[in-house]
Amino acid sequence: MKKVHGNDSFQRMNYLYQISKHIASKNPTLSSYYGNLIVNVAKKNVLKIHPDIKWQICKKCRCMLIDKETATMKIKRTEESKVIQWSCNTCGAKRNFPAKKNQEKTIWLENPKAIFEVIN
Ligand SMILES: [Zn+2]
């Protein structure tokens with residue numbers, strides 16, 4: 001494996017993501033805390049958070065958004081497009097994402113364990 005700039009930070013963010021997601025349903029406040037850490041590590045090291053992770057972090061309180069646990073997911077259809085709306089149960093913030101075809105059920109990666117390695 002070649003050495004990539006920011007590799008340690010990716011591992012750290014990956015780790016923080018695992019914890020944040022794991023505790024989200026039990027302790028959204030702590031999940032927000034770890035979500036904040038992920039964003040701070042990314043900012044400090046000028047790293048991009050993988051889009052699949054970024055979507056799961058509430059932009060307001062930075063809690064992990066998990067359907068039916070810390071968030072509510074709704075699919076809204078308009079004539080031209082389909083939109084997935086996520087509402088954070090912790091702070092009430094709403095986010096809309098365009099739904100890709102046939103992706104509404106598998107919008108998050110099945111196995112997010114190695115997600116930050118995808119970027120490397
Ligand atoms: Zn929130």
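The values are calculated or read from the model by the stated rules, or taken from the named source; none is laboratory data. Just so it is clear, the structure is predicted and the values come from calculations on it, not from any experiment. Glycine gets a Cβ as well: all are built from the backbone with ideal geometry, and neighbour counts include every protein chain shown.
Quick notes on this one:
- The set of residues in the range 66-85 that are within 11 Å of the ligand (Cβ to nearest atom) and either touching a residue at least 24 places away in the same chain (Cβ under 8 Å) or over 21 Å from Ile19 (Cα atoms) (or both) contains only Thr70.
- Check on Gln11, touching a residue at least 12 places away in the same chain (Cβ under 8 Å), loosely packed, with under 14 Cβ neighbours inside 10 Å and assigned to a helix (DSSP H, G or I): yes
- Gln11 being modelled with pLDDT under 95, farther than 22 Å from Ala99 by Cβ, out of contact with any His (no Cβ under 7 Å at 6 or more places or on another chain) and not charged (D, E, K, R): yes
- Scan of the range 81-120 for residues that are part of a loop (DSSP other than H, G, I, E, B), modelled with pLDDT of 80 or more and either of a type outside the set (A, V, I, L, M) or surrounded by fewer than 11 Cβ atoms within 10 Å (Cβ to Cβ) (or both), ordered by number: Ser81, Asn89, Thr90, Cys91, Gly92
- When restricted to residues that are touching an Asp or Glu at 6+ places or on another chain (Cβ under 8 Å) and among the aliphatic types (A, V, I, L, M), the range 16-44 contains 1.
- Residues of the range 19-64 classified as within 11 Å of the ligand (Cβ to nearest atom), surrounded by 15 or more Cβ atoms within 10 Å (Cβ to Cβ), outside any strand (DSSP E or B) and at pLDDT 95 or above, total: 9
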